[in-house]
Amino acid sequence: MTADDYLRYILQKYTPNIELAQMNASSLFPIIQTWANQFLVEAIYSGSIAKGTSVSIGSDADIFVSVSSTVQETLSVMYETLNTAFISKGYTTRKQNVSIGVLVGSHKIDITPGKRQSQYGYDHSIYRRKADTWTKTNVQTHISYVAQSNRISEIKLLKIWRELHKIDFPSFYLEMVVIDCLKYARTGNLSENFLTVLSFLADGFSTARYVDPANTANVISEDLNVQEKAIISNAAKVSRSQPNWGNIIG
(Lines give C-alpha, C1' and ligand atoms only; values in the text may rest on other atoms or scores of the structure.)
Protein backbone atom coordinates (compact mmCIF):
# COMPACT_ATOMS: atom_id res chain seq x y z
CA MET A 1 0.00 0.00 0.00
CA THR A 2 1.39 3.38 -1.00
CA ALA A 3 1.27 6.40 1.31
CA ASP A 4 -1.47 7.95 -0.82
CA ASP A 5 -3.45 4.69 -0.71
CA TYR A 6 -3.15 4.63 3.08
CA LEU A 7 -4.49 8.17 3.38
CA ARG A 8 -7.37 7.34 1.06
CA TYR A 9 -8.13 4.42 3.38
CA ILE A 10 -8.12 6.83 6.34
CA LEU A 11 -10.55 9.13 4.53
CA GLN A 12 -12.81 6.15 3.86
CA LYS A 13 -12.49 4.96 7.47
CA TYR A 14 -13.74 8.29 8.79
CA THR A 15 -16.48 8.87 6.23
CA PRO A 16 -19.43 10.36 8.11
CA ASN A 17 -23.08 9.37 8.01
CA ILE A 18 -24.31 12.80 6.99
CA GLU A 19 -27.95 11.74 6.68
CA LEU A 20 -27.98 10.46 10.27
CA ALA A 21 -26.27 13.62 11.53
CA GLN A 22 -28.84 15.78 9.75
CA MET A 23 -31.68 13.68 11.11
CA ASN A 24 -30.41 14.19 14.66
CA ALA A 25 -29.74 17.87 14.07
CA SER A 26 -33.26 18.37 12.72
CA SER A 27 -34.64 17.81 16.22
CA LEU A 28 -33.13 21.17 17.20
CA PHE A 29 -34.92 23.20 14.54
CA PRO A 30 -38.25 23.49 16.42
CA ILE A 31 -36.34 24.82 19.46
CA ILE A 32 -34.55 27.35 17.27
CA GLN A 33 -37.83 28.41 15.67
CA THR A 34 -39.51 28.93 19.04
CA TRP A 35 -36.50 30.82 20.41
CA ALA A 36 -36.22 33.19 17.44
CA ASN A 37 -39.97 33.53 16.98
CA GLN A 38 -40.85 36.03 14.23
CA PHE A 39 -37.23 37.20 13.96
CA LEU A 40 -35.95 33.96 12.37
CA VAL A 41 -34.70 34.51 8.83
CA GLU A 42 -33.39 30.97 8.33
CA ALA A 43 -31.42 28.18 9.97
CA ILE A 44 -29.07 26.48 7.52
CA TYR A 45 -26.44 23.77 7.56
CA SER A 46 -23.08 25.47 7.42
CA GLY A 47 -19.59 24.31 8.32
CA SER A 48 -18.35 20.94 7.16
CA ILE A 49 -21.62 19.65 5.68
CA ALA A 50 -22.00 22.68 3.43
CA LYS A 51 -18.28 22.77 2.58
CA GLY A 52 -17.91 19.05 1.95
CA THR A 53 -15.30 18.59 4.70
CA SER A 54 -17.22 16.38 7.13
CA VAL A 55 -15.48 13.53 8.95
CA SER A 56 -17.00 11.02 11.35
CA ILE A 57 -15.18 12.42 14.40
CA GLY A 58 -15.51 15.98 15.61
CA SER A 59 -18.58 18.10 15.10
CA ASP A 60 -21.22 16.16 13.14
CA ALA A 61 -23.23 19.13 11.89
CA ASP A 62 -23.09 22.92 12.04
CA ILE A 63 -26.19 25.09 11.97
CA PHE A 64 -26.08 28.82 11.36
CA VAL A 65 -29.11 30.66 12.72
CA SER A 66 -29.83 33.95 10.97
CA VAL A 67 -32.08 36.38 12.81
CA SER A 68 -33.46 39.67 11.60
CA SER A 69 -31.55 42.92 11.93
CA THR A 70 -34.61 44.28 13.77
CA VAL A 71 -34.15 42.08 16.85
CA GLN A 72 -33.48 44.19 19.94
CA GLU A 73 -31.47 41.78 22.12
CA THR A 74 -27.68 42.08 22.25
CA LEU A 75 -25.57 39.34 20.69
CA SER A 76 -24.46 38.07 24.09
CA VAL A 77 -28.08 37.83 25.26
CA MET A 78 -29.01 36.02 22.04
CA TYR A 79 -26.21 33.52 22.62
CA GLU A 80 -27.11 32.91 26.27
CA THR A 81 -30.86 32.60 25.72
CA LEU A 82 -30.39 30.15 22.84
CA ASN A 83 -28.12 28.06 25.05
CA THR A 84 -30.77 28.14 27.79
CA ALA A 85 -33.44 27.12 25.28
CA PHE A 86 -31.55 23.91 24.48
CA ILE A 87 -30.88 23.15 28.16
CA SER A 88 -34.55 23.66 29.01
CA LYS A 89 -35.41 20.88 26.55
CA GLY A 90 -33.02 18.47 28.25
CA TYR A 91 -30.01 18.78 25.98
CA THR A 92 -26.43 18.90 27.22
CA THR A 93 -24.65 21.96 25.83
CA ARG A 94 -21.11 23.30 25.70
CA LYS A 95 -20.38 26.98 25.32
CA GLN A 96 -17.72 27.48 22.66
CA ASN A 97 -16.27 30.66 21.19
CA VAL A 98 -18.97 31.60 18.67
CA SER A 99 -21.07 28.45 18.67
CA ILE A 100 -23.04 26.35 21.14
CA GLY A 101 -22.24 22.65 21.11
CA VAL A 102 -25.31 20.49 21.63
CA LEU A 103 -25.18 16.74 22.13
CA VAL A 104 -28.04 15.01 20.30
CA GLY A 105 -27.79 11.31 20.99
CA SER A 106 -24.21 10.50 19.99
CA HIS A 107 -23.97 13.42 17.58
CA LYS A 108 -22.29 16.75 18.34
CA ILE A 109 -24.11 19.66 16.72
CA ASP A 110 -22.66 23.19 16.71
CA ILE A 111 -25.13 26.07 16.49
CA THR A 112 -24.05 29.66 15.82
CA PRO A 113 -26.61 32.46 16.13
CA GLY A 114 -26.05 35.57 14.04
CA LYS A 115 -27.86 38.87 13.57
CA ARG A 116 -28.16 40.26 10.06
CA GLN A 117 -26.43 43.61 9.69
CA SER A 118 -29.15 44.81 7.33
CA GLN A 119 -32.28 43.47 5.72
CA TYR A 120 -30.29 42.65 2.58
CA GLY A 121 -27.21 40.53 1.89
CA TYR A 122 -25.68 37.87 4.14
CA ASP A 123 -23.34 39.86 6.39
CA HIS A 124 -24.04 38.99 10.02
CA SER A 125 -22.80 40.01 13.45
CA ILE A 126 -21.94 37.10 15.74
CA TYR A 127 -20.92 36.95 19.39
CA ARG A 128 -17.34 36.02 20.33
CA ARG A 129 -17.63 34.66 23.84
CA LYS A 130 -13.92 34.39 24.68
CA ALA A 131 -13.34 38.09 24.06
CA ASP A 132 -16.87 39.16 25.04
CA THR A 133 -17.22 41.12 21.82
CA TRP A 134 -18.68 40.71 18.35
CA THR A 135 -17.44 40.33 14.81
CA LYS A 136 -18.85 40.46 11.31
CA THR A 137 -18.97 37.31 9.24
CA ASN A 138 -20.55 35.92 6.10
CA VAL A 139 -21.16 32.18 6.22
CA GLN A 140 -21.87 31.95 2.49
CA THR A 141 -18.46 33.50 1.72
CA HIS A 142 -16.80 30.96 4.02
CA ILE A 143 -18.61 28.06 2.37
CA SER A 144 -17.55 29.14 -1.12
CA TYR A 145 -13.97 29.82 -0.01
CA VAL A 146 -13.51 26.25 1.23
CA ALA A 147 -15.79 24.30 -1.12
CA GLN A 148 -14.03 25.71 -4.20
CA SER A 149 -10.47 25.30 -2.84
CA ASN A 150 -9.68 21.86 -4.34
CA ARG A 151 -8.18 20.93 -0.95
CA ILE A 152 -11.11 19.04 0.55
CA SER A 153 -9.22 15.76 1.10
CA GLU A 154 -6.28 17.43 2.81
CA ILE A 155 -8.65 19.44 5.02
CA LYS A 156 -10.45 16.25 6.02
CA LEU A 157 -7.15 14.57 6.86
CA LEU A 158 -6.06 17.44 9.07
CA LYS A 159 -9.43 17.42 10.83
CA ILE A 160 -9.02 13.69 11.50
CA TRP A 161 -5.48 14.33 12.78
CA ARG A 162 -6.79 17.13 15.02
CA GLU A 163 -9.46 14.93 16.57
CA LEU A 164 -7.17 11.92 17.06
CA HIS A 165 -4.66 14.14 18.86
CA LYS A 166 -7.42 15.95 20.82
CA ILE A 167 -6.25 19.39 19.72
CA ASP A 168 -8.19 22.65 19.90
CA PHE A 169 -7.95 24.03 16.35
CA PRO A 170 -11.01 25.98 15.09
CA SER A 171 -12.21 24.52 11.82
CA PHE A 172 -12.21 27.64 9.63
CA TYR A 173 -8.74 28.56 10.89
CA LEU A 174 -7.61 25.00 10.07
CA GLU A 175 -9.18 25.21 6.60
CA MET A 176 -7.47 28.52 5.86
CA VAL A 177 -4.10 27.09 6.89
CA VAL A 178 -4.44 24.09 4.59
CA ILE A 179 -5.63 26.16 1.63
CA ASP A 180 -2.87 28.73 2.09
CA CYS A 181 0.11 26.45 2.53
CA LEU A 182 -0.96 24.20 -0.38
CA LYS A 183 -1.81 26.99 -2.84
CA TYR A 184 1.02 25.93 -5.18
CA ALA A 185 0.89 22.19 -4.46
CA ARG A 186 -0.30 19.58 -6.93
CA THR A 187 -3.88 18.45 -6.39
CA GLY A 188 -4.31 14.81 -5.39
CA ASN A 189 -0.79 14.27 -4.05
CA LEU A 190 -2.17 13.46 -0.60
CA SER A 191 0.87 12.18 1.30
CA GLU A 192 3.25 14.91 0.15
CA ASN A 193 0.62 17.60 0.68
CA PHE A 194 -0.26 16.38 4.15
CA LEU A 195 3.40 16.30 5.17
CA THR A 196 3.73 19.83 3.80
CA VAL A 197 0.90 20.93 6.07
CA LEU A 198 2.45 19.22 9.11
CA SER A 199 5.81 20.84 8.38
CA PHE A 200 4.17 24.24 8.17
CA LEU A 201 2.32 23.68 11.43
CA ALA A 202 5.58 22.65 13.07
CA ASP A 203 7.65 25.60 11.85
CA GLY A 204 5.79 28.58 10.36
CA PHE A 205 2.26 28.36 11.69
CA SER A 206 2.61 30.18 15.01
CA THR A 207 3.53 33.53 13.41
CA ALA A 208 1.36 33.30 10.27
CA ARG A 209 -1.52 35.78 10.05
CA TYR A 210 -4.90 34.84 8.59
CA VAL A 211 -7.66 37.34 7.87
CA ASP A 212 -11.31 36.45 7.41
CA PRO A 213 -12.18 36.73 3.68
CA ALA A 214 -15.60 38.00 4.75
CA ASN A 215 -14.23 40.66 7.13
CA THR A 216 -10.73 42.11 6.93
CA ALA A 217 -11.06 43.40 10.51
CA ASN A 218 -11.42 39.84 11.81
CA VAL A 219 -8.01 38.22 12.21
CA ILE A 220 -8.77 34.49 12.31
CA SER A 221 -5.28 33.64 13.59
CA GLU A 222 -6.07 35.53 16.79
CA ASP A 223 -8.67 32.90 17.70
CA LEU A 224 -5.86 30.95 19.39
CA ASN A 225 -3.34 32.32 21.85
CA VAL A 226 0.40 31.64 21.87
CA GLN A 227 0.10 28.61 24.12
CA GLU A 228 -2.70 27.07 22.07
CA LYS A 229 -0.71 27.52 18.87
CA ALA A 230 2.33 25.96 20.55
CA ILE A 231 0.32 22.83 21.33
CA ILE A 232 -0.54 22.46 17.64
CA SER A 233 3.04 23.09 16.54
CA ASN A 234 4.47 20.60 19.01
CA ALA A 235 1.97 17.91 18.00
CA ALA A 236 2.86 18.50 14.33
CA LYS A 237 6.59 18.20 15.11
CA VAL A 238 6.01 14.88 16.84
CA SER A 239 3.86 13.60 13.98
CA ARG A 240 6.32 14.78 11.33
CA SER A 241 9.11 12.80 13.02
CA GLN A 242 7.21 9.51 13.12
CA PRO A 243 8.68 6.60 11.11
CA ASN A 244 5.36 5.41 9.66
CA TRP A 245 1.94 6.76 8.72
CA GLY A 246 0.13 4.65 11.31
CA ASN A 247 1.77 6.66 14.05
CA ILE A 248 0.78 9.96 12.41
CA ILE A 249 -2.85 9.30 11.59
CA GLY A 250 -4.58 6.03 12.17
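The values are calculated or read from the model by the stated rules, or taken from the named source; none is laboratory data. Small disclaimer: the values here were computed from a predicted structure and weren't measured. Every residue, glycine as well, gets a Cβ built from its backbone with ideal geometry; the counts of neighbours run over all protein chains shown. Heads up: the accessible areas ignore ligands, DNA and RNA and are worked out on the full protein's heavy atoms, side chains in. Shrake-Rupley method; radii C 1.70, N 1.55, O 1.52, S 1.80 Å.
Some points to look at:
- Förster-model FRET efficiency, 22 Å R0, GLU73 and ALA217, C-beta, rounded to 0.05: 0.45
- Distance between the modelled labels on ASN150 and THR81, one decimal in nanometres: 4.7 nm (7 Å Cα→Cβ projection).
- Within segment 33-105, the trypsin sites (Lys or Arg not before Pro) that combine a DSSP coil assignment with at most 14 other C-beta atoms in a 10 angstrom radius are LYS89.
- Cβ-based net charge around VAL178, under 9 Å, with every Lys or Arg adding one and every Asp or Glu removing one: -2
- In loop segments of segment 145-250 as defined by DSSP, the chymotrypsin sites (Phe, Trp or Tyr not before Pro) with at most 14 further C-beta atoms inside 10 Å of their C-beta are TYR184.
- Subtracting the Cα-Cα distance of SER199 and LYS183 from 0.36 nm times their residue separation leaves 4.3 nm of extension gain.
- Extension gain (nm, one decimal) between SER88 and SER118, 0.36 nm per residue minus Cα-Cα: 7.7 nm
- Compared with the dominant Cα axis of the chain, that is its longest principal axis, helix 75-88 is turned about 90°.
- MET23 - accessible surface, heavy atoms, 1.4 Å probe, Å² rounded to 10: 120 Å²
- Mean separation of Cα pairs under 8 Å and 6 or more residues apart, divided by the residue count, gives segment 95-250 a relative contact order of 17 percent.
- Listed residues SER233, SER106, SER56, most fluctuating in the chain (Gaussian network, C-alpha, under 10 Å): SER106
- Of the chymotrypsin sites (Phe, Trp or Tyr not before Pro) found in segment 58-142, those in coil by DSSP whose Cβ has at most 10 other Cβ atoms within 10 Å are TYR120.
- The chain, helix-only ellipticity at 222 nm - DSSP H runs n ≥ 4, -39,500 (n - 2.57), divided by all residues, nearest 500: -13000 deg cm²/dmol
- Where labels lie 7 Å past Cα in the beta-carbon direction, separation of ALA3 and ALA230 in nm: 3.0 nm
- Ligands, DNA and RNA left out, the 1.4 Å accessible surface of the chain is 50% carbon and sulfur atoms.
- Using a Förster distance of 22 Å, the FRET efficiency for ARG209-ILE167 (Cβ separation, nearest 0.05): 0.65
- Averaged over its residues, the chain has an accessible area of 48 Å² per residue, based on protein heavy atoms and a 1.4 Å probe.
- Here the label points at SER56 and LEU20, each 7 Å from Cα along the C-beta direction, are separated by 0.8 nm in the simple model.
- Centre separation in Å (Cα based) which lies between segment 126-175 and segment 69-117: 18 Å
- Taking the DSSP bridge list for the chain and keeping only pairs wholly inside it, about 75 percent are antiparallel.
- Neighbourhood net charge (11 Å Cβ-Cβ; Lys/Arg +1, Asp/Glu -1) for LYS115: 0
- FRET efficiency, 1/(1 + (r/R0)^6) with R0 51 Å, evaluated for SER191 and PHE29 via beta carbons: 0.80
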